[in-house]
Every structure is written in structure tokens, then in C-alpha cells.
Amino acid sequence: NSAHSKEIQLINPTSGGGSGSSSVESPEEQTCSQDDLNEPTRTVLINEVAWSGNASSTSDEWIELYTDIDRGLSLSNWQLLDKNGEIKASLSGRIDSYLLLKRILVSESPNDIYTVGSVPADVTFIGTINNDEETLRLFDASCNLVDEVIDVGTSWVNIGGNASPDYRSAERIDINTWST
């Protein structure tokens with residue numbers, strides 16, 4: 001994976017992993033500050049991160065969000081950011097259990113349907129999940145920190161997952177534990 005500027009472009013949901021929808025952030029919308037953060041509310045979790053892609057393509061990255069709230073939750077004006085401000089996704093719609101965000105290439109249309117395995121993605125994004133020194137943060141509409149994956153250090157392997165030859169994702173086991 002190469003480190004380059006990345007902006008998440010989002011599409012309306014398909015019949016994918018969740019029931020959420022999303023839209024490209026308008027220029028007037030403010031980005032949540034990543035300074036002086038509250039303790040995460042954990043109403044929605046960054047549940048799994050396929051940061052290394054797969055054997056066919058290291059660009060085949062994805063992120064899964066999860067909530068166990070019985071009636072789901074509105075994601076209107078929520079944001080998924082990385083610590084460097086390269087990933088900036090504005091979410092909307094609902095999450096009833098899982099929401100699947102899939103990386104696409106700049107040359108691909110955000111209006112097409114993309115899958116992870118056989119599961120259609122709810123959201124697409126353009127850019128790269130950095131292999132090292134990455135932090136992902138999820139904020140609600142009031143810019144309260146909902147969840148975060150804090151600085152993975154020199155590699156995501158430190159918290160879970162691996163790259164070549166197996167290309168396994170980092171999966172959250174509980175609030176503070178990740179695994180491969």
C-alpha cells in the first residue's frame with residue numbers, strides 16, 4: 001500500500017453488509033477535531049480492518065463497522081477520520097448491525113457496486129489505509145469520539161492481521177483486544 005492523499009467518496013447502500021448509506025462531504029461541513037478527545041462511547045465499533053488487501057490486490061482494503069443496538073442507529077453527519085486527515089468520510093443513513101466500507105481505485109466509479117467476497121459494500125472510499133502509524137477514529141454528529149483504533153505502530157500486525165502471504169484482517173475480539 002502506498003501512502004498518498006486519500007479522500008473517501010461514499011455511495012448509497014446496496015443490499016450489502018449493513019443498512020447504512022453515505023454521501024460525499026460537502027465543503028461547508030466541518031471536520032471533527034482530533035484534539036482533547038472524550039472517552040469513546042463505543043455505540044458503534046470499528047470492528048474489522050482489512051488493511052493489507054489480499055493476494056490478488058493489496059488495494060482490496062475494507063473496514064467493517066458494527067453496533068449491537070437493538071433498533072439500529074442513525075449515522076447522520078457522522079465522520080470516519082484518520083489521524084493525518086487523509087481519510088475523511090461523512091456518513092449518513094442507518095446502521096442496524098454491520099456497515100461495510102470498501103476501498104476503490106481512483107479510476108473506478110463510486111456509483112458501481114463493489115463487493116468484499118460475495119457481500120456488497122455499503123460504502124466505497126478512495127485512498128489507502130496506511131500499513132503503519134495509522135489511527136482511525138469514528139465520530140458522531142456532535143463530534144463525540146465513538147470509537148478508535150489507536151496508532152497501530154510500525155505495523156497493523158502489532159494488533160492483528162498480516163500481509164503476504166495470508167493477507168488476514170485485524171478483527172476486534174473485545175474493546176481492547178484485536179486478533180488475526
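The values are calculated or read from the model by the stated rules, or taken from the named source; none is laboratory data. What you see is a predicted model, and the numbers here were worked out from it, not measured in a lab. Accessible surface areas use protein heavy atoms only, side chains included; no ligands, DNA or RNA. Shrake-Rupley method; radii C 1.70, N 1.55, O 1.52, S 1.80 Å.
The figures follow:
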{"quantity": "Length added when fully stretched, Asp35-Thr180, from 0.36 nm per residue minus Cα-Cα", "calculated": "49.2 nm"}
{"quantity": "Segment Glu133-Ser118, length gained on full extension (0.36 nm per residue, minus Cα span)", "calculated": "2.4 nm"}
{"quantity": "Compactness of segment 36-180 as Cα Rg over 2.2 N^0.38 Å, two decimals", "calculated": "0.99"}
{"quantity": "Bins of 10 Å, starting at 0 and running to the largest distance - Cα pair percent for segment 25-100", "calculated": "16, 43, 34, 7, 0"}
{"quantity": "Alpha carbon Rg of segment 69-108, scaled by the compact-globule rule 2.2 N^0.38 Å", "calculated": "1.40"}
{"quantity": "Calculated Rg and Dmax of segment 80-158 using C-alpha coordinates, Å", "calculated": "13.6, 35"}
{"quantity": "Sequence of Cys143, Cys32 from largest to smallest accessible area, 1.4 Å probe", "calculated": "Cys143, Cys32"}
